[in-house]
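The values are calculated or read from the model by the stated rules, or taken from the named source; none is laboratory data. Owing to the predicted nature of the structure, the values given are computational and were not obtained by experimental measurement. Because the Cβ atoms are built from the backbone with ideal geometry, glycine has one as well, and the counts that use them run over all protein chains shown. Ligands, DNA and RNA are excluded from the accessible area calculation, which covers all protein heavy atoms including side chains. Shrake-Rupley method; radii C 1.70, N 1.55, O 1.52, S 1.80 Å.
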Amino acid sequence: MSENKKGFITRALHAEFPKDDAYNALHMPVYDGVAYEFDTAEDIADTFAGKKFAHAYSRTSNPTVEYFEKKLKAVTNAHGVIALASGMAAISNVLMSLVEQGGNVVASNHLFGHSYALLKRTLPSLGIEVRFADMTNVEAIESVSDDKTRVYFFESITNPQLEIVDLDVLSQLARKKNIVVVCDSTITPSYVFDSKKFGVDVEVMSTTKFISGGAAAFGGVVLDNATYDYSNLPALKMWSDKFGKDALVARIRKEIFRHLGGTMTAHTAHFMNLGLDIMPLRIDRCIENCLDLGQFFSQHQRIISYNYPGIEGSKGYELAKKQFNGKPGAVMTFDLESKEACFKFYNRLKVMRKATNLNDNKTLIIHPESTIYAEFSEREKADMGVRPTMMRLSVGIEEVEDLIADFTQALEN
Ligand SMILES: *Cc1c(COP(=O)(O)O)cnc(C)c1O
């Protein structure tokens, strides 16, 4: 952010099209064609040989998706950007590109469920070993790292624990050991988080959440800060010889996502382009609502405790202020006296919606222990900080008075 003078929204709105539009459209049109024609045999041969760039087939690149990538580049300090079909496509494709068979990943033990399953089951089945550790504990991370560790993988803020990794500490260790720092910053997108400044080498995000503009479409993105020298990685050595700093994005585009088909579609990119422009307005509104709800929780007798790292006195407050500009996303948790009380409260809600997603424009609420974590044992749930008395709230952009009124009526005994 600091490397650019204009504000986030100005840069997003006025990012230049890769090519002038034939009709001077102000919004990038949706190019939903599959294949692109060439004028001559030489043109098509040079494009296939990688001597020049042109769109050839939309599974590899597409003008509307290219514009979304360009817009993201304009609003971040990333060196390389590539958009994919979903957050999971972004995460899986990055890890498969960075780690060779026999190499290992050290990952946080608090992760989005499907990321955890990818690391626990799918990657090991492909010969990539995964070791889980408490990423807030540098000794724990160091004790499971070795000379085959290629990646540290974690989320900028975990949920529902709302735990924050001290990035200066983690990235220092990673530099010392020559390990790539990969952060899933879905909950804290680039408007609030300058990942490069805190030593993150590669960011992955589910654009399904904040960026899409209210959970309107599935998408994912990889932002490469190009701060890691890829010639050190067995998986990328060859790509680094040919593409230098672009090795990771080149391998994803030319091999991994092309072969696995995890491409973003033009229609999805259209939603993302619209969503990204006004994301800062939505995030600021969500955060104001979080702070107002915190105030309300602090005064309500039936709320036993609550957590939001944007509120002074909460566990992650200092790190949230430093790393996320005091804008640590819009996920909050709170506890009632019992699981029964949570269910009774839940069934009385009229405005807030009973759903599992995050960062919709609508406020969404869920009881994690009986839903997202239902498959885990009591012991595992306890280890993950998932209490039967806890509710998770993804705060939206409604007028906060309406949310407070809904809380008030649903909490009445
Ligand atoms: C939703 C989510 C994902 C997965 O993204 P999809 O777009 O649903 O594939 C990954 N990480 C985090 C933190 C998420 O919240």
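Observations on the structure shown:
- Under a model in which nothing but the beta-carbon of Lys, Arg (+1) and Asp, Glu (-1) is charged, the chain shows a dipole of about 260 debye around its Cα centre.
- Degrees, to the nearest 10: 400-410 long Cα axis against longest axis of the chain: 50 degrees
- For the Cα trace of the chain, dividing Rg by the Kirkwood Rh returns an Rg/Rh value of 0.98.
- Counting Lys and Arg as +1 and Asp and Glu as -1 over every other residue whose Cβ lies under 15 Å from the Cβ of Gly113, the net charge comes to -1.
- The range 22-168: C-alpha gyration tensor shape, a/c 1.5 cut-off, then a/b vs b/c: prolate
- Inter-centroid distance (Cα atoms) of the range 118-149 relative to the range 192-212, Å: 21 Å
- The range 321-326 - phi-based ³J(HN,Hα) in whole Hz, Karplus 6.51/-1.76/1.60, Gly and Pro as x: 5, 6, 8, 10, 6, x
- From the largest down, the range 299-354 spans 38, 22, 18 angstrom on the principal axes of its Cα atoms.
- Full-stretch length increase - Thr356, Thr408 - with 0.36 nm per residue and alpha-carbon distance subtracted: 16.5 nm
- Amide hydrogen proximity for Ala56: with H placed 1.01 Å from N in the peptide plane, the residues at 5 or more positions away or on another chain lying under 5 Å are Ser61.
- In sequence order, calculated HN-Hα J values of the range 274-288 (Karplus, 6.51, -1.76, 1.60; Hz; x Gly/Pro): 5, x, 5, 3, 10, 3, x, 5, 5, 5, 4, 5, 4, 5, 4
- For the range 288-356 versus the range 253-267, the inter-centroid distance based on Cα atoms is 38 Å.
- Cα-based shape type of the range 291-330, given that a ≥ b ≥ c are square roots of the gyration tensor eigenvalues and the cut on a/c is 1.5: prolate
- With the simple spin-label model, which puts each label point 7 Å out from Cα in the Cβ direction, the Lys339 to Glu16 separation comes to 6.0 nm.
- Degrees separating the helix 87-98 axis from the principal Cα axis of the chain, which is the longest one: 50 degrees
- By the compact-protein rule of thumb, 2.2 N^0.38 Å, the alpha-carbon radius of gyration of the range 94-184 corresponds to a ratio of 0.99.
- The residues neighbouring Ile128, those whose beta-carbon lies less than 13 Å from its own, together hold a net charge of +3 under the Lys/Arg +1, Asp/Glu -1 convention.
- The loop-placed trypsin sites (Lys or Arg not before Pro) in the range 23-69, going by DSSP, that have at most 13 neighbouring Cβ atoms within 10 Å of their Cβ come out as Lys51, Lys52.
- Selected from Thr333, Phe296, Gln409, residue furthest toward positive end of dipole (the range 280-410; charges at beta carbon): Thr333
- Shape category assigned to the range 17-95 from the gyration tensor of Cα positions, a/c cut at 1.5: oblate
- Estimated D of the range 280-410 in µm² per second, where Rh is the Kirkwood radius over Cα pairs and Stokes-Einstein applies at 25 °C, 0.890 mPa s: 163 µm²/s
- Using the Cβ-Cβ distance between Glu288 and Ala35 with R0 set to 45 Å, the FRET efficiency works out to roughly 0.45.
- Annotation: Ser125 carries an accessible surface of approximately 90 Å², with a 1.4 Å probe and no ligand, DNA or RNA atoms counted.
- Site pair Ser125 and Asn347 shows an inter-label distance of 3.9 nm when each label is modelled 7 Å from Cα along Cα→Cβ.
- Efficiency of FRET between Ala49 and Ala140 - r from beta-carbon atoms, R0 45 angstrom, step 0.05: 0.40
- Each label point was placed 7 Å from the Cα along the Cα-to-Cβ direction; for Lys5 and Leu281 their separation is 2.6 nm.
- Loop-located GluC sites (Glu not before Pro) across the range 1-103 with a Cβ neighbour count of 11 or fewer within 10 Å are Glu3, Glu16, Glu37, with loop assigned by DSSP.
- Degrees separating the helix 339-348 axis from the principal Cα axis of the chain, which is the longest one: 80 degrees
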